[in-house]
Amino acid sequence: MTVRILIITQNFYPVIGSAGNRMKNIYTLLAEEGYEVEVLTTEPSYPNKNLYKSAEFWDHEPLNNNSLIYRVGVSDKKNKLGTNMIKRLYYYLEITVKMLLFIFKYRKKADIILVSSPPIFMGVVGLLAKRILKAKMYLEVRDLWPDSLKGVGKFNHQGIIRLLTMFEKFLYNAADKIIVNSRGFVNHITELSRKTKEDIIFIPNGATKEELEIAKKSTKEFSVIYAGNLGLAQDIEIIKQLATKLFKEGITFTVIGYGYKTKDFTTFVENEKLTNVNIINPTTRRNCIEIISEHKVGIVTLTDKEVFETVLPGKLIDYMTCEVPVVGIVSGTSEKLITDNQIGLVSKSRTAEDVFSKILYLRENKAEIGKMKENCRKVVQNNYLWEDNIKKLIKIVEKQGGNKVEY
């Protein structure tokens, strides 16, 4: 008997960003193993619905018009809410209600519910599905809610924070297994709940073998790239200052950006006439990998808040995939990955001047860049390949019965 799995996630193909790509890989690899996998998700709308009117984002034919992928409709209002977190919470609740209604009408059986959070409200849908379908629930934690809400500094309603923390604890305890994409989350979960480290599985974001082949580009020009979210968790001011310094030095700076602060950064570049900055609109994962691969250094940044010390940004894995050494304005888990594996440099002072000096150091030390590129490749091949890491999930899925696959 084949194990039947229902994935519940707000983010899924063709949505750009780490979350959508992650869930696409999990679905695809589980389906390739012969499991009956279905997905409950939303219409693609991040960063906005109009983006997905372009056929270029629908570049994986097996997932287009797939009868096993159910999408609930959503409004585009979130993108007009700015930093109003109360209204954003209402937006998330709208999605939750629509998914709950779907579960009430769902007439199929499932052995495992794999629910991906954030937003934390996906957990409500997972709990209902667990009860109605009498299935095991695996909770995937890609970010710590509500801690990350506090971390961005735009939501401090203590009453709601307390309620969300209580629900977070309840979710952890209710889950049969917990999957995390950062080892930094493990202690937080075990300290807050009754779960032990044996209940938690680390499956990081990663690369596929196909993506490693796509990434085999190079260029002679020394150039710098920032690829990813320009949001509340990123230090946009440092990126602005760095763009100016790179302009004065004549170094090309490419930014593939999306998120709340993208317009702010774009306006800054235009007003300052920074002709060295190439701003590229959100594009497909394949295009991103090809573009990143053409650069010599990648920038990663998270604001200096304790909650972000546990985070492992997807763009950091992407840079390694493309063999692009990193200059990081990060601490905690991300800093440890960069320094322990010698894949780049970390700015302790968190200033644009220090980041700029490290970029110039790498420009003048080609041998150092060569070693870092080699380390990037080794780290990804040894630790961050999806085809290898999915086996951790398959191992626990097999305990539910069904196909007996030995690894």
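The values are calculated or read from the model by the stated rules, or taken from the named source; none is laboratory data. Note that the coordinates shown come from a computational prediction; the quantities given were computed from them, not determined experimentally. Positions of Cβ are generated from backbone atoms using ideal geometry, with glycine treated the same way; all protein chains shown enter the neighbour counts.
Worth pointing out:
- Per the listing R4, R22, the residue uniquely over 19 Å from the mean Cα position of the chain (by Cα) and either buried (at least 19 other Cβ atoms within 10 Å of the Cβ) or modelled with pLDDT of 95 or more (or both) is R4.
- Test: residue in segment 42-53 that is aromatic (F, W, Y) and touching a helix residue (DSSP H, G or I) at 6+ places or on another chain (Cβ under 7 Å): no
- Note on segment 35-65: residues that are surrounded by 14 or more Cβ atoms within 10 Å (Cβ to Cβ), polar (S, T, N, Q) and either over 26 Å from L101 (Cβ atoms) or modelled with pLDDT under 95 (or both) total 2.
- Looking only at segment 207-234, and only at residues there that are closer than 30 Å to L30 by Cα and touching a Gly at 6+ places or on another chain (Cβ under 9 Å), the one that is modelled with the highest pLDDT: A227
- Residues being part of a helix (DSSP H, G or I), touching a residue at least 60 places away in the same chain (Cβ under 8 Å) and either of a type in the set (S, T, Y) or not assigned by TED's automatic domain parsing to the domain that holds G328 (or both) - total across segment 349-371: 0
- Counting the residues of segment 193-210 that are closer than 13 Å to A175 by Cα and either small (G, A, S) or in contact with a Leu (Cβ under 8 Å, 6 or more places away or on another chain) (or both) gives 2.
- Picking from residues in segment 176-225 that are touching a residue at least 40 places away in the same chain (Cβ under 8 Å) and among the hydroxyl-bearing types (S, T, Y), the one that is nearest to K358 (Cα to Cα) is S223.
- Across segment 99-150, the qualifying residues are those that are in contact with a Gly (Cβ under 7 Å, 6 or more places away or on another chain) and either in a loop (DSSP other than H, G, I, E, B) or free of Cβ contacts under 8 Å to residues at least 60 places away in the same chain (or both), and the one among them that is surrounded by the most Cβ atoms within 10 Å (Cβ to Cβ) is L139.
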